[in-house]
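Undergrad: Structure incoming, see below.
What follows draws every value from the coordinates through simple rules; no lab data is involved. Predicted model only: the values in this text are computed from it and were never measured. Neighbour counts run over all protein chains shown; Cβ positions are idealised from the backbone, glycine included.
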Amino acid sequence: MTNTETKKSVEEIRAFLTELQESNNLDLRDNLQNCFSDEELEELDQDNPTDCYQALSELLDEGGYFDIEIIYYARAMEYLSENDPSLKDSLEIASELGYTPDNLNSEILASLLASRLERDRFYELQCDIEDFFTND
């Protein structure tokens, strides 16, 4: 079989992305299948599944789809108390990104943490994505 016979169609990729998001409860800014244009999906190098995963994650990052904004003090405090009660992780992320104490608040810390956790959840799906592009 040639590569064109085994290459996943845009529709197959979109269906896979929908299932991936639903089965893993990803909370991106948009539905995963809507984060990519047909052209971007057609241009994936399906001969290299690792490159497919890398391209998808870069497109999501560049498009800001991992950026989760938590607004309102009460919601931010609730999120932080559930996910980072010591603030260690969120303060570490803020420091990595160049924030200083004078430009931080609970909403920024919660948003930074939520974005990082969602990005990490997607990165944990690397094997699933690579398997999809590997299997016929």
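Undergrad: About the Cα centre of the chain, what is the dipole size in debye to 20, counting +1 per Lys and Arg Cβ and -1 per Asp and Glu Cβ, all else neutral?
TA: 540
Undergrad: Quick one: if the Förster radius is 22 Å, what FRET efficiency do Tyr72 and Glu92 give, using the C-beta to C-beta distance and rounding to 0.05?
TA: It comes to 0.40.
Undergrad: May I pose another question? If I take every Cα pair under 8 Å that is 6 or more residues apart in the stretch 3-134, average their sequence separation and divide by the length, what percent do I get for the relative contact order?
TA: Result for the stretch 3-134 is 31 percent.
Undergrad: A follow-up question, please. How many nm is it between the label spots at Asp120 and Ser23, if each spot is 7 Å from the Cα in line with the beta carbon?
TA: 2.3
Undergrad: What residue among Leu60, Leu26, Asn83 has its Cα farthest toward the positive end of the dipole of the stretch 3-134, where the charges are +1 on Lys, Arg and -1 on Asp, Glu, each on the Cβ?
TA: Asn83
Undergrad: Over all distinct alpha-carbon pairs, what is the Kirkwood Rh of the chain in angstrom?
TA: Evaluated over the chain, this radius sits at 16.4 Å.
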